[in-house]
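Take a look at the structure below.
Just so it is clear, none of the values below were taken in a lab; they were calculated from the coordinates. Predicted, not measured: the structure shown is a model, and the values here were computed from it. Quick reminder, even Gly has a Cβ in these numbers, built from the backbone with ideal geometry, and neighbours come from all protein chains shown.
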Amino acid sequence: MPQSGYYMATHSTTFGLSLDLASIEDCDKELQSLINDVHLYLYHFGNNWFFHALGKSYFQKCCRSWVRVSTHLEKFLLDPRSNYSMLMVVLDHEMHKFPQNSFFGKELRTLSQLIAMGPNFSITSIH
């Protein structure tokens, strides 16, 4: 039986992945790298006619998911204290939509772990 969204947002999980971060100070670089990787993935997937023709619905699903996540990530970066729970709920919901071994699923799990570590990000915008 699934737990309530509030409970899931206050308890972080590792989803079996480990981040290879040298220190908390590197979290800004790790977050920016993760965001750039997702943007490049979506850009290349959308601009490759062969993959776009074969996986158009998957591509659209990834884009819709990334819009939801990035919107809440922006809010979180501007005011972490007020927006942490909502971001974690959205990430958890979006992670369950994708296979664990897919690139997009792995990136969402890594983002969730990075946010759950609780570093102080100095960047305030993902663009």
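Just to be sure I understand the model, the point goes 7 Å from the Cα along the line to the Cβ. What's the resulting S57 to S82 distance in nm?
Placing both labels 7 Å beyond Cα along the Cβ direction yields 4.0 nm.
If you take the beta carbon distance between K75 and Y43 as r and set R0 to 30 Å, what does 1/(1 + (r/R0)^6) give as a FRET efficiency, to the nearest 0.05?
Values: r = 24 Å, r/R0 = 0.79.
Taking R0 as 30 Å, the efficiency between K75 and Y43 is 0.80.
Using the Cα atoms as the points, what is the convex hull volume per residue of segment 49-98 in Å³?
Values: hull volume 3.0 nm³, N = 50.
Taking only Cα atoms, segment 49-98 has a hull volume of 61 Å³ per residue.
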